[in-house]
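Quick notes on the structure that follows.
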Amino acid sequence: MLMKWLTNWQVSLVAAVLLTNALVSPVMAQTGNQSDITGPILSTGDFAGQTIPITTTVTGLGFQGGEPAQISVNQAAASVNTQLADNNLTSPTGTPIPAAIQELLLSILTGDAQAGNNINAVIAGLYSAPGAPPLNVIQDLLDSLEGLTRDEKVVPAKLLAAVQAYNAMILASNEEFLRNPPAELRAIQAFLAKLVQPTIS
């Protein structure tokens, strides 16, 4: 039942530009000077039931698409930071995110002096939710988010690592956690989607 439910809710978030043909089609590793970071990453996404099948590729040297893609992602990072600072981030379904959670996540994403304490607060919020995934999976996700939008510049490999950690957490969660996601999860999904969206063309 859980696998069927997850299948209906799958969405892929990856930090890159090259869209492949199908969500489940295998991707061969690139050769030469390209990259060893390729392939589709699957996860549960929009908690209202809509799916966004996205499959993209990051090169070891940056976003495929080069500087224009990097500029677009950096602009998305600036927008996310502004939305969080203004307490205007909403989930993809339009559900408001509590201001206190937005403040914690802005601190983590920008890597400010309080980021470590705020990581612990968000971990506690996620881990206390019914059906939460294992603590180490949550910790990996939050660690990958620290400094992600610092100076409104996103490092492609760091965004990819954050998306992979998010997807790992979704896949390690049970149906109850995903059916009633805590506000922290809705916020993380919202800003990762915003950071990845400019890479899809």
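The values are calculated or read from the model by the stated rules, or taken from the named source; none is laboratory data. This one's a predicted model, so the numbers in the text were calculated from it and none came from an experiment. Here the Cβ is made from the backbone with ideal geometry for all residues, glycine too, and neighbour counts use every protein chain on show. Ligands, DNA and RNA are stripped out before the accessible areas are found, and what is left, the full protein with its side chains, is counted by its heavy atoms. Shrake-Rupley method; radii C 1.70, N 1.55, O 1.52, S 1.80 Å.
Could you check region 169-200 and list, in sequence order, the residues that are in a helix (DSSP H, G or I), of a type in the set (A, V, I, L, M) and more than 23 Å from Asp86 (Cα to Cα)?
So in region 169-200, the residues in a helix (DSSP H, G or I) come out as 169-172, 175-179, 183-199.
When the remaining residues are screened for being of a type in the set (A, V, I, L, M), the result is 169-172, 178, 183, 185, 187-188, 190, 192-193, 195-196.
Once the filter is applied, which keeps residues that are in a helix (DSSP H, G or I), of a type in the set (A, V, I, L, M) and more than 23 Å from Asp86 (Cα to Cα), region 169-200 yields Met169, Ile170, Leu171, Ala172, Leu178.
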ask   = Of the residues Leu195, Leu159, Leu135, Leu106, which is among the aliphatic types (A, V, I, L, M) and open to solvent by 60 Å² or more (accessible area, probe 1.4 Å)?
value = Leu135
note = How many residues of region 66-88 are more than 13 Å from Val196 (Cα to Cα) and in contact with a Leu (Cβ under 8 Å, 6 or more places away or on another chain)? The answer is 4
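Does Asn118 satisfy the criteria of being in contact with a strand residue (DSSP E or B) (Cβ under 7 Å, 6 or more places away or on another chain), of a type in the set (S, T, N, Q) and open to solvent by less than 50 Å² (accessible area, probe 1.4 Å)? Walk me through it before giving the result.
On the way: in contact with a strand residue (DSSP E or B) (Cβ under 7 Å, 6 or more places away or on another chain): no; of a type in the set (S, T, N, Q): yes; open to solvent by less than 50 Å² (accessible area, probe 1.4 Å): yes.
So Asn118 does not fit the description; no.
I need the full set of residues from region 87-103 which are modelled with pLDDT of 95 or more and either open to solvent by 40 Å² or more (accessible area, probe 1.4 Å) or part of a helix (DSSP H, G or I) (or both), in order please. Please lay out each step first, then the result.
Taking region 87-103 as the starting set, the residues that turn out to be modelled with pLDDT of 95 or more are 87-89, 97-103.
Result: Asn87, Asn88, Pro98, Ala99, Ala100, Ile101, Gln102, Glu103.
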